[in-house]
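The values are calculated or read from the model by the stated rules, or taken from the named source; none is laboratory data. If you're wondering where the values come from, they're calculated on a predicted model, not measured in any experiment. Quick reminder, even Gly has a Cβ in these numbers, built from the backbone with ideal geometry, and neighbours come from all protein chains shown. To get the accessible areas, we keep the full protein, side chains included, count just its heavy atoms, and leave off ligands, DNA and RNA. Shrake-Rupley method; radii C 1.70, N 1.55, O 1.52, S 1.80 Å.
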Amino acid sequence: MNLKLAALCAAILWGFTYIITTTMLPHNPIFIGSVRALGGGLLLLAIARQMVPRGYWPKLIVLGTLNFGAFFSLLFVSAIRLPGGVAGTFQTLGPLITILLAWALLRQPPTLMKIVSILIGAVGVTLVILRADAGIDMTGVAAALCSVVAGSLGGILINRWGRPPEMSLASFTAWQLLIGGAELAVLALIIGDVPAALNWTNALGLTILAVALTALPFILWFRAIVALGAASVIPFVLVTPVVAFILDAVIRNVVPSPLQLVGVVLVMTGLIVNQWAGARAARTSDGKPA
């Protein structure tokens, strides 16, 4: 599969997370995060059946904590304390933060068009999901910002450290999920965020979340990051809230406003500009006319 198409498919799949969470799952966000990570990780590990190279454990613990433990927990805290539109809007800062981190840590200065494309996309998602009556909780704001930084830094470090050659991508992803999932499970037990009982709808929703919305998309996502670099892949996350918005409109009959439709167009415009800027930079570096 084309690497950019793989990243796009991952972002689209993640867009289904919201509708699954709101219609099929219990209201225990840290528990959901732990089951999502542990379920996806165990499935991938059963397929890969590989251990972690001894010298790579410290790096893998950092990656698992950033990409899953810290990201999932902070994301769910922000989702609880902030209106959905506000929390989602903060997540659109991820591509811009990734570009800035790549500049600082990988010495990859962004082009002006790359920054412009991300800002266009961020404005578009803001129009799609931001509500005029949104309240602001500073703890939620801090959690949302930290979740974005954690996920962006995790992607940058994957790009910088790479994957051990003796580990398959499935194993590399599985162990990160298991590390983050174990951290979230401990947190859920400490704070008591565990449902008293689960019904069949909950069980089906958790299965979908772990397999189709975690194991599969994260393999596609990390494959693209390792090959293309985090700064080139992260902009695709702008598609995720748009997909969630469309599903909400179709399934829950939430009619989009004209302003929201303008936002969707801006998101797609931002992605097109970003990919055009990346292709233009690649042609220039190869000595071809831009």
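Of note:
- Residue that is nearest to Ala70 (Cα to Cα) [pool: residues in the stretch 140-186 that are open to solvent by 20 Å² or more (accessible area, probe 1.4 Å) and in contact with a Ser or Thr (Cβ under 7 Å, 6 or more places away or on another chain)]: Glu183
- Applying the criterion of being over 13 Å from Leu184 (Cβ atoms) and either aliphatic (A, V, I, L, M) or modelled with pLDDT of 90 or more (or both) to the residues of the stretch 67-86, the residue that is most open to solvent (accessible area, probe 1.4 Å) is Ile80.
- Condition met for Leu119 (free of Cβ contacts under 8 Å to residues at least 40 places away in the same chain and under 22 Å from Phe236 (Cα atoms)): no
- Scope the stretch 53-63; condition modelled with pLDDT of 90 or more and either open to solvent by 50 Å² or more (accessible area, probe 1.4 Å) or among the β-branched types (Val, Ile, Thr) (or both); matching residues: Trp57, Pro58, Lys59, Ile61, Val62
- With respect to the conditions (1) surrounded by 19 or more Cβ atoms within 10 Å (Cβ to Cβ); (2) within 26 Å of Met268 (Cβ to Cβ), Trp103 lacks only one, and its number is (1).
- Residue check for Leu112: surrounded by fewer than 17 Cβ atoms within 10 Å (Cβ to Cβ) and free of Cβ contacts under 8 Å to residues at least 24 places away in the same chain: yes
- Pairs meeting the criteria (first residue in the stretch 237-258 and free of Cβ contacts under 8 Å to residues at least 60 places away in the same chain, second residue of a type in the set (D, E, K, R) and open to solvent by less than 40 Å² (accessible area, probe 1.4 Å), beta carbons under 9 Å, at least 6 apart or on different chains) are Val254/Asp248.
- Note on the stretch 194-216: residues that are open to solvent by 60 Å² or more (accessible area, probe 1.4 Å) and more than 15 Å from Asn28 (Cβ to Cβ) amount to 5.
- Residue match in the stretch 41-54 (condition: out of contact with any strand residue (DSSP E or B) (no Cβ under 6 Å at 6 or more places or on another chain), over 30 Å from Glu166 (Cβ atoms) and not acidic (Asp, Glu)): no
- Condition met for Trp103 (of a type in the set (Phe, Trp, Tyr), closer than 30 Å to Trp276 by Cα and in contact with a Lys or Arg (Cβ under 7 Å, 6 or more places away or on another chain)): no
- Tally, over the stretch 1-43, of residues that are among the aliphatic types (A, V, I, L, M) and surrounded by fewer than 20 Cβ atoms within 10 Å (Cβ to Cβ): 11
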